[in-house]
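Scroll down for the structure; my scribbles are underneath it.
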Amino acid sequence: MTAVGIDAIEIWTGKLKLDLAETFAPEKGEDPEKYTKGLGLHASSFPDAHEDIVTMGANAAHRLMDRKGLTPDDIGRIDVATESAFDNSKPVSTYIAGCLEQVYDEDFHHANKGERKFACIAGTQSLDDAYNWIKAGRNRGRSALVVATDTALYARGDPGEATQGAGAVAMLISEDPNLVEMSAEQGYGSADETDFLKPNQQFPSVDGKRSMQVYLARMREALEDYESVAGASHPEDFAYVPFHTPFPGMVRKAAVLAYRHMIRGTPIEEELAEEIGFQPREEDFEDREEYEEAIRDYMDELSSTDDYREWYDATIEPTLSISREVGNWYTGSVHIARAAALKQAAEEGRDLAGRKLGVGSYGSGAQAEIHAETVQEGWKDEIEALNIDEQNAARYDLSFDEYENVHDRHNHDKTIEMEDFTVPDGEFVFTGTGRMNERLYDYVE
Ligand code: CAA
């Protein structure tokens with residue numbers, strides 16, 4: 001069977017930065033550690049005046065095509081995943097293809113283009129679509145370009161304001177990939193939920209606390225479903241477990257839940273029982289509330305054990321390093337988590353080829369999906385080509401007033417003029433709107 005998966009990846013961050021501890025916390029009258037320790041975030045990326053979901057996506061895709069020596073003829077499919085779209089009809093992928101056609105001699109007229117929507121999980125769903133298209137033999141030897149791009153903005157004053165972010169991840173899905181092969185086995189946890197939604201509005205309506213419970217409930221369901229096809233999973237199965245990361249604090253909660261699930265009935269649970277007892281079993285409780293409280297107590301104790309801490313530090317913590325600096329990128333978030341982990345492994349000189357990743361994606365509304373990936377021989381070269389640290393370091397550091405201006409500038413209901421904070425250099429830029437209210441873009445040399 002031909003291996004299919006991610007051949008290459010490129011990341012583009014919004015070019016502005018809001019420092020949460022230094023700039024945001026003092027204005028909000030909050031302890032900086034609420035953000036740095038509680039949520040686990042240091043900064044958020046924001047789009048400059050000339051940036052939006054199209055420019056960020058096109059710039060990530062251009063870097064990827066350029067580095068891999070591809071032309072439009074090599075791409076049979078362009079799927080864009082976003083929850084920040086500005087058009088209910090014309091997909092963002094057509095705009096991105098239009099941008100790329102400005103810099104290539106060929107065009108994408110024979111590529112199938114679309115836009116995927118299911119909150120943050122749409123990026124992973126687009127990978128699935130590409131995987132299925134190639135496995136079905138409909139790709140004519142061509143690869144698929146998947147772009148996850150978002151400006152994750154919340155209304156000012158919303159508790160989600162601290163978790164904002166903006167950026168794009170472009171991924172090339174191919175046969176015999178260089179980075180990771182995706183597993184055929186998948187697990188889903190999916191239910192009609194009202195936790196986070198944007199009913200024809202730019203900024204989300206969010207029930208923050210509920211959204212966290214829904215994330216965990218759907219992720220647990222997805223893990224059970226995954227195990228029903230792939231067999232029981234064990235903490236040692238995976239070199240890294242990248243989760244959807246709205247903020248690292250959320251992943252801390254998901255990780256302990258996953259660990260508890262994976263060790264149940266194993267020698268690890270037995271060994272730990274001497275320290276913290278066995279896991280509560282539902283049949284031993286008369287009502288559900290008591291059981292849930294016992295589970296919460298067990299997880300609190302579990303998260304302080306050496307076994308868990310070692311597993312967390314090795315398997316989860318490395319997935320969070322990019323997210324901490326850029327915030328929530330919605331559809332791109334789980335994909336920067338994967339990249340962060342592989343980047344750390346490359347920096348540490350680890351040999352990961354053949355090792356597995358367990359990837360936990362999530363979208364509000366709500367659906368979680370779990371699949372495995374096998375790291376391929378060429379992974380290190382691919383990951384070493386990323387320049388996300390340089391991009392992050394080059395961001396313009398906003399004052400709070402500047403942040404508010406940037407937020408207004410990107411508010412679809414406001415018309416605010418704003419000077420660019422950064423000078424475009426070898427990138428696509430937004431230049432205004434046309435006669436049918438379409439958005440216009442140029443490539444700046
Ligand atoms: N020092 C250290 N920690 C502190 C602290 C301090 N001084 N002050 C607070 N904290 C801790 C809190 O204890 C809390 O941690 P725990 O949950 O582990 O107890 C954490 O910091 C956050 O504090 P609050 O809960 O008080 O924060 P909040 O209520 O202001 O906002 C939020 C939190 C509700 C998640 C909000 O950020 C939000 O609405 N975010 C958007 C929704 C979201 O991201 N949901 C995640 C699941 S849905 C999803 O994943 C899809 C998606 O991308 C949106």
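The values are calculated or read from the model by the stated rules, or taken from the named source; none is laboratory data. Quantities reported herein were computed from a predicted structural model and do not represent experimental measurements. Backbone-built Cβ (ideal geometry, glycine too); neighbour counts: all protein chains shown. Note: areas computed on protein heavy atoms with side chains; ligands, DNA, RNA excluded. Shrake-Rupley method; radii C 1.70, N 1.55, O 1.52, S 1.80 Å.
Listed by position, the helices (runs of 4 or more DSSP H) contained in segment 200-286 that have at least 2 residues being in contact (Cβ under 8 Å) with a residue 24 or more places away in the chain and closer than 24 Å to ILE336 by Cα are 208-230, 248-263.
Scanning segment 155-174 for residues that are touching a Gly at 6+ places or on another chain (Cβ under 8 Å) and over 27 Å from PHE428 (Cβ atoms) yields PRO159, GLY160. Being within 16 Å of the ligand (Cβ to nearest atom), open to solvent by less than 10 Å² (accessible area, probe 1.4 Å), modelled with pLDDT of 95 or more and in contact with a Phe, Trp or Tyr (Cβ under 9 Å, 6 or more places away or on another chain) is a property that holds for ALA122. Taking the criterion of being open to solvent by 80 Å² or more (accessible area, probe 1.4 Å) and within 30 Å of SER143 (Cα to Cα), the residues of segment 176-201 that qualify are ASP176, TYR188. Taking the criterion of being within 8 Å of the ligand (Cβ to nearest atom) and more than 16 Å from ASP158 (Cβ to Cβ), the only residue of segment 22-31 that qualifies is ASP31.
For (1) within 27 Å of the chain's Cα centre (by Cα); (2) more than 17 Å from GLY358 (Cβ to Cβ), each residue gets a yes or a no:
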position: PRO235; (1), (2): yes, no
position: PRO242; (1), (2): yes, no
position: PRO246; (1), (2): yes, yes
position: GLY249; (1), (2): yes, yes
position: ARG260; (1), (2): yes, no
position: GLU292; (1), (2): no, yes
position: TYR298; (1), (2): no, yes
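A single member of ALA97, ALA58 is in a helix (DSSP H, G or I), surrounded by fewer than 24 Cβ atoms within 10 Å (Cβ to Cβ) and modelled with pLDDT of 95 or more, and it is ALA97.
Looking at segment 136-154, which of its residues are more than 11 Å from the ligand (Cβ to nearest atom) and within 22 Å of PHE86 (Cα to Cα)? Within segment 136-154, LEU145, VAL146, VAL147, ALA148, THR149, THR151, LEU153 meet the criteria. Of all residues in segment 229-247, which are buried (at least 24 other Cβ atoms within 10 Å of the Cβ) and more than 10 Å from the ligand (Cβ to nearest atom)? Those that are buried (at least 24 other Cβ atoms within 10 Å of the Cβ) and more than 10 Å from the ligand (Cβ to nearest atom): TYR240, VAL241, PRO242. May I ask you to verify whether VAL80 is closer than 24 Å to ASN387 by Cβ and open to solvent by 20 Å² or more (accessible area, probe 1.4 Å)? Against the criterion (closer than 24 Å to ASN387 by Cβ and open to solvent by 20 Å² or more (accessible area, probe 1.4 Å)), VAL80 does not qualify.
For the subset of segment 40-55 comprising residues that are surrounded by fewer than 22 Cβ atoms within 10 Å (Cβ to Cβ) and within 16 Å of the ligand (Cβ to nearest atom), which member is nearest to THR422 (Cα to Cα)?
So, considering only residues that are surrounded by fewer than 22 Cβ atoms within 10 Å (Cβ to Cβ) and within 16 Å of the ligand (Cβ to nearest atom), the one nearest to THR422 (Cα to Cα) is HIS42.
Scanning segment 130-154 for residues that are open to solvent by 40 Å² or more (accessible area, probe 1.4 Å) and not hydrophobic (A, V, I, L, M, F, W, C) yields ASN132, LYS135, GLY137, ARG138, ARG140, GLY141.
Residues to consider are THR305, THR319; find the one that is at pLDDT 95 or above, more than 30 Å from TYR396 (Cα to Cα) and crowded, with 16+ Cβ neighbours inside 10 Å. Answer to the selection: THR305. Would you confirm, using the coordinates I've provided, whether GLY157 is within 13 Å of the ligand (Cβ to nearest atom) and buried (at least 20 other Cβ atoms within 10 Å of the Cβ)? No; evaluated as a whole, the condition is false for this residue.
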